[in-house]
1. Name the residue farthest towards the positive end of the dipole of the chain from the options Ala14, Met98, Gly116, assuming +1 on Cβ of Lys and Arg, -1 on Cβ of Asp and Glu, about the Cα centre.
2. List, in order, the whole-Hz ³J(HN,Hα) value for each residue of the range 118-131 obtained from phi through the Karplus relation with A = 6.51, B = -1.76, C = 1.60 and θ = phi - 60°; use x for Gly and Pro.
3. Could I have the simple spin-label model distance between Arg63 and Ser150, label points 7 Å from Cα toward Cβ, reported in nm to one decimal?
4. Pairs of alpha-carbon atoms within less than 8 angstrom and 6+ residues apart define the contacts here; what relative contact order does the chain have, in percent?
5. Past 30 Å, Cα to Cα, is the threshold; run Lys69/Lys136; Lys52/Lys136; Lys52/Lys128 against it and keep the listed order.
6. Out of Val12, Val107, Val119, any idea which swings most in a Gaussian network model of the chain, alpha carbons joined below 10 Å?
7. Can you list the lysines whose alpha carbon sits under 22 Å from that of Lys74, skipping same-chain ones fewer than 8 residues off?
8. Using θ = phi - 60° and the Karplus curve 6.51 cos²θ - 1.76 cosθ + 1.60, what whole-Hz ³J(HN,Hα) does each residue of the range 23-29 get, with Gly and Pro shown as x?
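A short reminder: the numbers here are calculations on the coordinates, not readings from a lab. If you're wondering where the values come from, they're calculated on a predicted model, not measured in any experiment. Every residue, glycine among them, receives a Cβ derived from its backbone with ideal geometry; neighbour counts consider all protein chains shown.
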Amino acid sequence: MAQTSTVVTATVAAATTAIIAYAVYFDYRRRSHAEFRRELRRNERRQVRSEKEEAEASTRAQREAIRRKVDEAKEEGFPTGVEEREAYFNEQVMSGEMLSSDPSRSVESALAFYKGLKVYPAPGDLIKIYDSTVPKPILDILAEMIAYDSSLDIRSRPTSGINLNDIPTVGLD
């Protein structure tokens, strides 16, 4: 009976020889057959096209999921009282921060930040804060949510009670 090491050595040698023989055959076909080269290029183009289509489909699916989440949040409604809004804001921002540590839950995290933004009195200022504290992938999703929600006014609020027309003009007469 043959020793185990002899059998293993023979098997490894046969596998290595087969791999090298296939590599030599493949290289020979690639160099000498134009149709084989064309087929390789076609396959490569098909693969690139397929990957591009998958990426576009994934992007469309994520955008649709984002829109659904924003619509659901709008349907749920937002608190109207000052104290309720403040408590809701704190709850949503804390939830968003906790969820942001898990990359697989970035949409939920962005949704929590969006809900906090929706009840914040000066959303433009809060976006500047989010810009420096929220991770970039979540911020990108949040930007899509903001772009989708046309009812959200992110401009800074004008100073209330000041009418520039009431200020007297002083001239050098």
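1. It is Ala14.
2. Taking θ as phi minus 60°, the curve returns 5, 9, 6, x, 10, x, x, 5, 5, 4, 4, 5, 4, 4 Hz for the range 118-131.
3. The modelled label-to-label distance comes out at 1.6 nm.
4. 17 percent
5. As for pairs spanning more than 30 Å Cα to Cα, those are Lys52/Lys128.
6. Maximum fluctuation in the GNM of the chain, among the listed residues, is at Val12.
7. Lys115, Lys118
8. Listing the rounded values in order: 4, 5, 4, 4, 5, 4, 5 Hz.
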